[in-house]
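Below: one structure, written as structure tokens.
The values are calculated or read from the model by the stated rules, or taken from the named source; none is laboratory data. Model, not experiment: these values are computed from the prediction. Cβ placement follows ideal geometry from the backbone for every residue including glycine, while neighbour counts extend to all protein chains displayed.
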Ligand code: GLN
């Protein structure tokens, strides 16, 4: 399998920071960069289906505004002219926000998410909204009401999910960077399966204002990018306190690019041995090779066993559906999108929800409602909260002996379309190694590192304690430099030449 991606020059095939530098210097116009990206999308998206909507008109206006700033000698921002794609659960005034659900089809939010406002202020140009599992519930993008996205490395395979459209768009070189959301792994797992970098920041580092809520105590917005540096640049732009989100931390965005060259000399790294046991041979081998690369770079690497982390999955599948059942109560046929009429309000509500939600979303609502119902609350929700605390304590112990932890991002490489759709538990297990960080509110990132089974990319996951983004990115940069260049999309395709 060879890395997907364009043949150079076009918007998505160059790192975002190179594009921004060229636009800022007036060497290329934001408008030209945009037209190249739109051309790439027009050429490839018919088969890949990364996009629910392409917002060409608004994008042209945004690109021209950037060019105007350059022409007037004003600062056009650190991401000047960089085409970006947004997961379709981020609110945008310029395009519908559907969460890949029939129930929100055609709904245009009256405001932009804070991350969207910040990207625009930094000169980035939003080109469209990307496909996802409905309401971000899934690990393959097959639960989209609009059909699945395909993995650019192999069109018969899934891109992962739920931010599969964003991951595939970056992997195919349609855009250099995209935003996703990660509740249990939805940025990192598709990044791993598509050979791109994906970052879930510390809970509260990025504003959730304008992110359609799935499980509010777990959701976090973050970047997908072809390079670690681009991911850092985007996180620096979208991160930092936002008074519109009460869970936003009262801190500025982490400074990340300045630490990327610091290396890992003397850093203590723990390899999560329990997560190597069940991973595919290719995924486990990639983590071992990554550990060796960090040792060679001067880190002190040790295997650590933290078996409690693997209980995170069961707790997550109580907590996340419970929160989802509450968050999704607002789709009632009155306030948003779809309405199916009925003789009274209750019938209208029921018919709208029956027609508007797909089977996985209905399953989660029922699981969550059951877990929260009188008489079962302590047995399920209360118990899950205790397991969540156990996971956080286990992490705290592990971080007494290590600055960062290493694990596979996903137990396997990209799987064939249809392989797991009939078995929800199999699908849920795709996030076994990513979920613990969400439960604890910690940051974690996936860095493409090696080729595994079938010549498909394998991501190595770097986990850090709350606000450990700087250490995490230092490790990410070293891993990127040591990685098999064939495992990265799309730059390894010779696009730089
Ligand atoms: N796959 C997990 C789920 O279905 C995680 C999804 C996510 O992170 N949004 O809930």
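Would the stretch 463-483 turn up any residue that is within 16 Å of the ligand (Cβ to nearest atom) and not in a helix (DSSP H, G or I)? Looking for residues that are within 16 Å of the ligand (Cβ to nearest atom) and not in a helix (DSSP H, G or I), one finds at least one in the stretch 463-483, hence yes.
For the stretch 418-440, a residue qualifies if it is surrounded by fewer than 22 Cβ atoms within 10 Å (Cβ to Cβ) and within 16 Å of the ligand (Cβ to nearest atom), and the qualifying residues are 419, 420, 421, 422, 423, 424, 425, 426, 428, 429.
Taking the stated definitions as given, is residue 141 without any contact (Cβ under 8 Å) to a residue 60 or more places away in the chain and surrounded by fewer than 24 Cβ atoms within 10 Å (Cβ to Cβ)? Criteria not met by residue 141. On the basis of being in a loop (DSSP other than H, G, I, E, B), more than 28 Å from residue 65 (Cβ to Cβ) and out of contact with any strand residue (DSSP E or B) (no Cβ under 8 Å at 6 or more places or on another chain), does residue 148 make the cut? Taking the combined requirement at face value, the residue satisfies it. Of 234, 287, 269, 259, all but one fail to be at pLDDT 95 or above, buried (at least 22 other Cβ atoms within 10 Å of the Cβ) and more than 18 Å from residue 449 (Cα to Cα); the exception is 234. Of all residues assigned to the stretch 32-50, at least one qualifies as being assigned to a loop (DSSP other than H, G, I, E, B) and modelled with pLDDT of 95 or more.
Of all the criteria given as (1) within 16 Å of the ligand (Cβ to nearest atom); (2) farther than 15 Å from residue 90 by Cβ; (3) in a helix (DSSP H, G or I), the one not satisfied by residue 170 is (1). Scanning the stretch 351-368 for residues that are crowded, with 20+ Cβ neighbours inside 10 Å, over 15 Å from residue 100 (Cα atoms) and within 11 Å of the ligand (Cβ to nearest atom) returns a single hit, 364. Considering only residues that are closer than 30 Å to residue 21 by Cα and in contact with a strand residue (DSSP E or B) (Cβ under 7 Å, 6 or more places away or on another chain), look in the stretch 95-119 and name the one that is surrounded by the fewest Cβ atoms within 10 Å (Cβ to Cβ). Residue satisfying both the conditions and the ranking: 95. Of the residues making up the stretch 179-202, those that are near the ligand (Cβ under 8 Å from one of its atoms) and part of a loop (DSSP other than H, G, I, E, B) are 182, 183, 184, 185, 186, 187. Please indicate, with yes or no, whether at least one residue in the stretch 58-78 is within 30 Å of residue 338 (Cβ to Cβ) and crowded, with 20+ Cβ neighbours inside 10 Å. Yes, the stretch 58-78 has at least one match. Of all the residues in the stretch 337-371, those that are free of Cβ contacts under 8 Å to residues at least 60 places away in the same chain, touching a helix residue (DSSP H, G or I) at 6+ places or on another chain (Cβ under 6 Å) and closer than 25 Å to residue 423 by Cβ number 5. If you filter the stretch 371-402 down to residues that are under 23 Å from the mean Cα position of the chain (by Cα) and more than 16 Å from the ligand (Cβ to nearest atom), you find that the one that is surrounded by the most Cβ atoms within 10 Å (Cβ to Cβ) is 395. Looking across the stretch 250-263, just one residue is out of contact with any helix residue (DSSP H, G or I) (no Cβ under 7 Å at 6 or more places or on another chain) and not in a loop (DSSP other than H, G, I, E, B), and that is 258.
Applying the condition of being under 22 Å from residue 465 (Cβ atoms) and in a loop (DSSP other than H, G, I, E, B) to the stretch 203-217 and asking which residue is nearest to the ligand (Cβ to nearest atom) yields 215. Here residue 22 meets the list (1) under 25 Å from the mean Cα position of the chain (by Cα); (2) crowded, with 16+ Cβ neighbours inside 10 Å; (3) not in a loop (DSSP other than H, G, I, E, B) almost entirely, failing just condition (1). I'd like to check something: does the stretch 443-452 contain any residue that is within 14 Å of the ligand (Cβ to nearest atom) and surrounded by fewer than 21 Cβ atoms within 10 Å (Cβ to Cβ)? Among the residues of the stretch 443-452, not one is within 14 Å of the ligand (Cβ to nearest atom) and surrounded by fewer than 21 Cβ atoms within 10 Å (Cβ to Cβ), which makes the answer no. In the stretch 218-231, the qualifying residues are those that are touching a helix residue (DSSP H, G or I) at 6+ places or on another chain (Cβ under 6 Å) and assigned to a loop (DSSP other than H, G, I, E, B), and the one that is surrounded by the fewest Cβ atoms within 10 Å (Cβ to Cβ) is 218. Scanning the stretch 275-284 for residues that are surrounded by 17 or more Cβ atoms within 10 Å (Cβ to Cβ) and in a helix (DSSP H, G or I) turns up 275, 276, 282, 283, 284.
Residue-wise test of (1) touching a residue at least 24 places away in the same chain (Cβ under 8 Å); (2) assigned to a loop (DSSP other than H, G, I, E, B); (3) under 24 Å from residue 201 (Cβ atoms).
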residue	(1), (2), (3)
234	yes, no, yes
248	yes, yes, yes
265	yes, yes, no
288	no, no, no
312	yes, no, yes
324	yes, no, yes
329	no, no, no
335	no, yes, no
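Taken together, the residues in the stretch 84-120 that are assigned to a helix (DSSP H, G or I) and under 12 Å from residue 234 (Cα atoms) amount to 5.
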